[in-house]
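Q: Following this message is one structure expressed as structure tokens.
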């Protein structure tokens, strides 16, 4: 029995990509998660119930919500400098016009299914009014909420996500290692015809004698099986099976929401530049941004809180890393996005949903045969032998 290693496992013991010896570029943070960025927290509510034929309003239910808190609860009203980029706009990210206009947002970010995006946004306002009432006293807010489609497995028109579920995910948000796979908003999601959903990763970047972190979180729900690439290996032909079982003749619907967080001091135009590099990480896994794919990316920096907050009648000042030195941070974004998507695929199991629709997990035997086990695993050890924290 080896000690728990968050680079190899999620807290519940599900394997991560590195558990199979998959090689990645760059240096991950302590937890290899978006929560390596100080003060950033993630919470989930996962809703799974029912089997059999779809009965709208009753189920089967395979959905949830993810919350990302960019600052500690007491500081959530303080804006963060931010930028966003739409690789393909067949999707939604509320608050995006404000981010384009002001280069900042405040309050938690939520990600859920397409038809519950408004619920998660409105619930965030209710939660903030209860948690930090002064933040909405005589003020207005436009929370950020993103979505991807889970109607292949979930009773999406049943609107099963309620305010109470969003409240629970916000209350549960934590730092440290976080779950991946079919949890939170990622519960009913599919990537390259395999079960996917929530994934995360991080990279450390050295600059001028200091170290900063780039963290990534994805809700992954995109891609055609034939295009899947795992660290340069085109796997579409090899992994034609196991196949999805489609009993509803669904139309192709797919998307990916990615959130990039950093403690590096960057200005809003630089945050948009980081967000524009997310599609390069998606492409490394075989994502081509197809017609119905909502590929929408958000980046924010927790640095410069006083400048982001501002105050009428006072000069605001901010420190920032110059554009001439931004390339290593571009590398970190691309690297962390690629690994986060693969973590969402690896930390997963088969799932059957509405009408018996079935989505297989990425075969673990194939991963072992292709990449072998990590050097930290002894003879005969597998990911299931490592005790979670």
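For (1) within 23 Å of residue 51 (Cβ to Cβ); (2) crowded, with 17+ Cβ neighbours inside 10 Å; (3) out of contact with any strand residue (DSSP E or B) (no Cβ under 8 Å at 6 or more places or on another chain), each residue gets a yes or a no:
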position: 165; (1), (2), (3): yes, yes, no
position: 181; (1), (2), (3): yes, yes, no
position: 188; (1), (2), (3): yes, yes, no
position: 202; (1), (2), (3): no, yes, no
position: 220; (1), (2), (3): no, yes, no
position: 232; (1), (2), (3): no, no, yes
position: 242; (1), (2), (3): yes, no, yes
position: 263; (1), (2), (3): no, yes, no
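Q: For residue 364, work out the one condition from (1) surrounded by fewer than 18 Cβ atoms within 10 Å (Cβ to Cβ); (2) at pLDDT below 90 it doesn't fulfil.
A: Condition not satisfied by residue 364: (2).
Q: Tell me which residues, restricted to the range 193-212, are closer than 21 Å to residue 18 by Cβ and assigned to a loop (DSSP other than H, G, I, E, B).
A: Of everything in the range 193-212, those that are closer than 21 Å to residue 18 by Cβ and assigned to a loop (DSSP other than H, G, I, E, B) turn out to be 196, 197.
Q: Find all pairs meeting these conditions: Cβ atoms under 7 angstrom apart; at least six residues apart or on different chains; first residue within the range 1-27 and free of Cβ contacts under 8 Å to residues at least 40 places away in the same chain; second residue buried (at least 20 other Cβ atoms within 10 Å of the Cβ) and not in a loop (DSSP other than H, G, I, E, B).
A: 7/18
Q: Right, something else. Identify the residue in the range 299-319 that is touching a helix residue (DSSP H, G or I) at 6+ places or on another chain (Cβ under 8 Å) and surrounded by 12 or more Cβ atoms within 10 Å (Cβ to Cβ) and, among all such residues, is nearest to residue 266 (Cα to Cα).
A: It comes out as 301.
Q: Quick check, is residue 244 modelled with pLDDT under 95 and touching a helix residue (DSSP H, G or I) at 6+ places or on another chain (Cβ under 7 Å)?
A: In short, no.
Q: Also, I was wondering about something else. Could you grab me the full set of residues in the range 214-234 that are over 20 Å from residue 63 (Cα atoms) and either without any contact (Cβ under 8 Å) to a residue 24 or more places away in the chain or part of a strand (DSSP E or B) (or both)?
A: 214, 215, 216, 226, 229, 230, 232, 233, 234
Q: So how many residues does the range 308-330 have that are assigned to a helix (DSSP H, G or I) and in contact with a strand residue (DSSP E or B) (Cβ under 8 Å, 6 or more places away or on another chain)?
A: Residues that pass the stated criteria total 4.
Residue-by-condition table, conditions (1) over 21 Å from the mean Cα position of the chain (by Cα); (2) more than 17 Å from residue 326 (Cβ to Cβ); (3) modelled with pLDDT of 95 or more:
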{"residue": "205", "(1), (2), (3)": "no, no, yes"}
{"residue": "219", "(1), (2), (3)": "no, yes, yes"}
{"residue": "228", "(1), (2), (3)": "no, yes, yes"}
{"residue": "232", "(1), (2), (3)": "yes, yes, no"}
{"residue": "236", "(1), (2), (3)": "yes, yes, no"}
{"residue": "250", "(1), (2), (3)": "yes, yes, no"}
{"residue": "265", "(1), (2), (3)": "yes, no, yes"}
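Q: Something else: Taking strands (runs of 3 or more DSSP E) that do not extend beyond the range 42-134, which have at least 1 residues that are surrounded by fewer than 16 Cβ atoms within 10 Å (Cβ to Cβ), in contact (Cβ under 8 Å) with a residue 60 or more places away in the chain and within 22 Å of the chain's Cα centre (by Cα)?
A: Values: elements: 61-69, 80-89, 109-113.
Because the criterion is at least 1 residues that are surrounded by fewer than 16 Cβ atoms within 10 Å (Cβ to Cβ), in contact (Cβ under 8 Å) with a residue 60 or more places away in the chain and within 22 Å of the chain's Cα centre (by Cα), the strands (runs of 3 or more DSSP E) in the range 42-134 that meet it are 80-89.
Q: Please verify whether residue 145 is under 30 Å from residue 4 (Cβ atoms) and surrounded by 24 or more Cβ atoms within 10 Å (Cβ to Cβ), treating the condition exactly as stated. Full working, then the answer.
A: On the way: under 30 Å from residue 4 (Cβ atoms): no; surrounded by 24 or more Cβ atoms within 10 Å (Cβ to Cβ): yes.
Judged against the criteria, residue 145 is not a match.
Q: Looking only at the range 320-338, which residues are out of contact with any helix residue (DSSP H, G or I) (no Cβ under 6 Å at 6 or more places or on another chain) and closer than 22 Å to residue 229 by Cα?
A: Across the range 320-338, the qualifying residues are 330, 331, 332, 335, 336.
The values are calculated or read from the model by the stated rules, or taken from the named source; none is laboratory data. As the structure is a computational prediction, the values presented were derived from the model and not from experiment. Don't worry about glycine lacking a Cβ; one is built from the backbone with ideal geometry, like all the others, and counts go over all protein chains shown.
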